[in-house]
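Peer 1: Quick one: the structure is below, questions incoming.
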Amino acid sequence: MNSSQFQRSLQPLTCLLALIGVDLTKSVRNSKWLFFYATICLFLNAASQMDVIIYCFQNIREFSILGFGKLETITSAWSTVMDITNYAIHGVGGHVVLLFVVRTRWATLIERFSRLEDQLDPEFFVKLHRVSIFATGFIILWVIKAF
């Protein structure tokens, strides 16, 4: 399959996904090293999220005693812990979906969009590429801000 305009437009985002082990290029789909790298990234993500959840459950009393973010009752502290747990589960779940659902169906999606390329305005792909660059930059800045 030749590289379509749609695929080239999303290249900044697909390169970013490759950093976390979700490589959407067809050329390395069956690589054992990629599978190993993707598995390591998934386990690192899950381990870091588990660490945050364990810390929250072990320190629930401090959240309410210290007034963590205006938490003055144990109920509001538990609500915060459940919110953090929900966020962690969604983070790991999103990674799993990217690895096992999106990655397996990506080639089919690109093929379908490549059939539509003749009917779309070429300016659409320029705009899509700009949005992809902006989204990639936003994600990178968001991650840097977290540290």
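Every number in this text was worked out from the coordinates using simple rules, so none of it is lab data. Everything numeric here is computed off the predicted structure, so don't read it as measured data. Note that each Cβ is placed from the backbone with ideal geometry, even for glycine, and that neighbours are counted across all protein chains shown.
Peer 1: Once you mark the trypsin sites (Lys or Arg not before Pro) that are in a DSSP loop and have at most 15 other Cβ atoms within 10 Å, what is the longest gap between them in the chain? Working shown, then result.
Peer 2: Numbers: sites that count: Arg29, Lys70.
My reading of the result: 71-147 is the longest stretch.
Peer 1: Hey, what angle do you get for helix 74-97 against the long axis of the chain, alpha-carbon based, 0 to 90 degrees rounded to 10?
Peer 2: For helix 74-97, the angle is close to 20 degrees.
Peer 1: Sticking with this structure for a sec: Which of (1) -0.31, -0.45; (2) -0.34, -0.49; (3) -0.43, -0.59 is the computed log10 I(q)/I(0) by the Debye sum over Cα atoms at q = 0.09, 0.11 Å⁻¹ for the structure on display?
Peer 2: For log10 I(q)/I(0) by the Debye sum over Cα atoms at q = 0.09, 0.11 Å⁻¹, the calculated option is (3).
Peer 1: Can you tell me the 0 to 90 degree angle between the C-alpha axis of helix 32-58 and the longest principal axis of the chain, rounded to 10?
Peer 2: For helix 32-58, the angle is close to 20 degrees.
Peer 1: Sort Trp78, Trp106 so that the residue with the fewest other Cβ atoms within 10 Å of its own Cβ comes first and the one with the most comes last. Write down the numbers at each step before the final one.
Peer 2: Values: Trp78 16, Trp106 21.
Taking fewest neighbouring Cβ atoms as first place, the list is Trp78, Trp106.
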